[in-house]
Amino acid sequence: MNKAIPMQTLPQIQHLIGGQLVAGGSRSQEVFNPATGMAEKRVLLADKLTVEQAIANAHAAYPAWRATPPLKRARVMSTLKVLLEANAERICALVTAEHGKVLADSLGELQRGIENVEYASYAPELLKGEHSKNVGPSMDSWSEFQALGVTAGITPFNFPVMVPLWMWPMAIACGNTFVLKPSERDPSSALLVAQLALDAGLPPGVLNVVNGDKEAVDTLLADKRVQAISFVGSTPIAQYIYATGCANGKRVQALGGAKNHAVVMPDADVPNAVSALMGAAYGSCGERCMAIPLVVAVGDATADAVVAGLKVEIAKMKVGPGTDASNDMGPLVTQAHFEKVKGYVDQGVLEGATLVVDGRNVKVSGHESGYFLGACLFDNVKPGMKIYQEEIFGPVLGVMRVKTLQEAMDLIDAHEYGNGTCIFTRDGEAARYFSDNILVGMVGINVPLPVPVAYHSFGGWKRSLFGDLHGYGPDAVRFYTKRKTITQRWPSAGVREGALFSFPTNR
Ligand code: NAD
């Protein structure tokens, strides 16, 4: 199905090290356009030496960058924001060509990324320390937040431009230098954004991009110069990154997979809930960690109404290449992922769930080799089923039927993931009880995708996040800095003091 073009005819995606695009590593892999199934580029896969060169550049750039006044660092972010807005079409064309999502969705993810750059431009305010006068006789104390040194980020395929922008703008605005390892499946947009950061005035070496796979990641995990690692991706890899990074003495935050439930209460505005669920389940082909792949309907009448509404709306959906603005949903990212998601639909049928809408045979005229799967809808999904337990990461929505809100909450709490959830209701008491008690990190009340804005922080609970601090927002300032507390005393000249052998206090 994949029509690979001979290697030499494909444009090559390189690394950005020390402000230069460079080759490095003898291995490479094809980058496909998922709408056509054609290999259009080839990405170089960095070897250990190449990654070490990137780390060395980041290490060399650190002292001068750390000493640069925070306001000057922040101005680079302000300029970058303008450049990102001016180049939005170029960046989003790359996202759609390599990821497959529709252009409007690419623009949405870029905009969310830009908001992180905007927040990073407030770093001088956010880095202000804490000061206390007269903590003892003639004694003052303050805490300041110092940069860590070389920091690194490893990012997933599904938000190729936004997730890198969750990480390095704040890391860099706080005075660190950075090595980014984007997803090898759709690496071009992150590389272009990094080049724009150079145009915005970032000194060479402050931000480096290495393309690659496990070899590159393992080099970042092992190198002593790397002080901290931010990871976003699937849970098994997140756990590996967290365990290995921590064992090597690094600070690590590793955001993992998800299986987000939406509860629909009997009093919900069902037509509006259905509209919200359509976007949350099928937007970006379900390849979002905050997507809603499960609806838990309270009461059979609620479930019947939701399933009927979804069926009508799915029939109106348009599936096709992301470059056509009339399409609602593009292809899945790769042939392998297409096969995996389709396999889950087969599995759901075998497990006895009711397949209400079958998207497995969708064909897009003129794009017969693209990785298109139509929207799929299951009813009567049960907790023991694989399609309930595992993250599918595709356009597959399952409806579950329960009798009470408590039953819905028990289900959600027992699930291994705790990234996001939402409830549709008009009952404030039920909504408050739900948000107070549910074991999930991000909660929506009549909001299907409760993705925090850039000045809050993003993160799940349970096996959706390894580490103590969430991504971006205020937590990122803490993640990319370490606290130092200084206590100083200037006693009056000429006053003689005896030795104090008891522990100093204010008693
Ligand atoms: P992935 O885990 O396959 O890859 C993520 C990164 O890890 C990539 O850069 C990849 O090169 C690297 N990697 C892959 N295998 C590795 C290995 N064996 N050793 C070292 N590094 C390795 O994830 P993906 O398929 O690119 O992205 C989808 C996943 O990311 C989903 O599970 C989704 O839920 C999750 N995700 C989570 C969040 C969040 O904030 N919690 C956000 C976006 C995506």
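The values are calculated or read from the model by the stated rules, or taken from the named source; none is laboratory data. Worth saying up front: this structure is predicted, and the values here are computed from it rather than measured. Cβ placement follows ideal geometry from the backbone for every residue including glycine, while neighbour counts extend to all protein chains displayed.
Under 9 Å by Cβ, and 6 or more places apart or on different chains, what pairs join a residue from the range 495-507 that is among the small types (Gly, Ala, Ser) with one that is part of a loop (DSSP other than H, G, I, E, B)?
Within 9 Å, no pair qualifies.
Please verify whether the range 159-171 includes one or more residues that are more than 18 Å from the chain's Cα centre (by Cα) and assigned by TED's automatic domain parsing to the domain that holds Asp475.
The answer is no, given that none of the residues of the range 159-171 is more than 18 Å from the chain's Cα centre (by Cα) and assigned by TED's automatic domain parsing to the domain that holds Asp475.
Within the group Gly460, Gly441, which residue is within 14 Å of the ligand (Cβ to nearest atom), buried (at least 19 other Cβ atoms within 10 Å of the Cβ), without any contact (Cβ under 8 Å) to a residue 60 or more places away in the chain and over 30 Å from Ser141 (Cα atoms)?
Checking each option against the conditions leaves just Gly441.
Of the residues Ile292, Ile237, which is of a type in the set (A, V, I, L, M) and surrounded by fewer than 19 Cβ atoms within 10 Å (Cβ to Cβ)?
On inspection, the qualifying residue turns out to be Ile237.
Residue check, Asp436 against (1) surrounded by fewer than 16 Cβ atoms within 10 Å (Cβ to Cβ); (2) part of a strand (DSSP E or B), all met but one. Which one?
Tallying (1) surrounded by fewer than 16 Cβ atoms within 10 Å (Cβ to Cβ); (2) part of a strand (DSSP E or B), Asp436 fails exactly one: (2).
Considering (1) touching a helix residue (DSSP H, G or I) at 6+ places or on another chain (Cβ under 9 Å); (2) away from the ligand (no atom under 16 Å from the Cβ); (3) assigned to a helix (DSSP H, G or I); (4) farther than 20 Å from Arg401 by Cβ, say which one Asp346 fails and leave the rest.
(1)
Mind checking whether some residue in the range 286-300 is among the β-branched types (Val, Ile, Thr), assigned to a helix (DSSP H, G or I), more than 21 Å from the chain's Cα centre (by Cα) and more than 9 Å from the ligand (Cβ to nearest atom)?
Checked against the condition, which is being among the β-branched types (Val, Ile, Thr), assigned to a helix (DSSP H, G or I), more than 21 Å from the chain's Cα centre (by Cα) and more than 9 Å from the ligand (Cβ to nearest atom), the range 286-300 yields no hits at all.
Given (1) within 13 Å of the ligand (Cβ to nearest atom); (2) of a type in the set (A, V, I, L, M, F, W, C); (3) farther than 21 Å from Pro187 by Cα, where does Leu277 come up short, assuming only one miss?
Going through (1) within 13 Å of the ligand (Cβ to nearest atom); (2) of a type in the set (A, V, I, L, M, F, W, C); (3) farther than 21 Å from Pro187 by Cα one by one, Leu277 breaks only (1).
Restricting to the range 248-279, what's the tally of residues that are surrounded by 22 or more Cβ atoms within 10 Å (Cβ to Cβ), of a type in the set (Gly, Ala, Ser) and under 24 Å from Met167 (Cα atoms)?
Of the residues in that region, 3 qualify.
Return only the number of the condition from (1) farther than 18 Å from Met38 by Cα; (2) touching a Pro at 6+ places or on another chain (Cβ under 9 Å) that Pro321 does not satisfy.
Exception for Pro321: condition (1).
Just to be sure before I move on: is Ala228 farther than 30 Å from Asp410 by Cβ and of a type in the set (Gly, Ala, Ser) in the structure I sent?
Yes.
What strands (runs of 3 or more DSSP E) lie completely within the range 156-254 and have 2 or more residues being at pLDDT below 95, of a type in the set (S, T, N, Q) and in contact with a strand residue (DSSP E or B) (Cβ under 8 Å, 6 or more places away or on another chain)?
Here the list is empty.
Does Thr219 satisfy the criteria of being away from the ligand (no atom under 15 Å from the Cβ) and among the hydroxyl-bearing types (Ser, Thr, Tyr)?
no
Got a sec? Which of Thr177, Thr235 is more than 7 Å from the ligand (Cβ to nearest atom) and touching a residue at least 40 places away in the same chain (Cβ under 8 Å)?
Just a single option satisfies the conditions, and that option is Thr177.
Can you tell me which residue within the range 463-498, out of those that are acidic (Asp, Glu) and at pLDDT 95 or above, is farthest from the ligand (Cβ to nearest atom)?
Top of the filtered list is Asp468.
Need the failing condition index for Lys363 against (1) more than 16 Å from the ligand (Cβ to nearest atom); (2) modelled with pLDDT of 95 or more, just the number.
The number of the failed condition is (2).
Against the conditions (1) crowded, with 22+ Cβ neighbours inside 10 Å; (2) more than 16 Å from the ligand (Cβ to nearest atom); (3) without any contact (Cβ under 8 Å) to a residue 40 or more places away in the chain, where does Ala190 fall short? Just the number, please.
(2)
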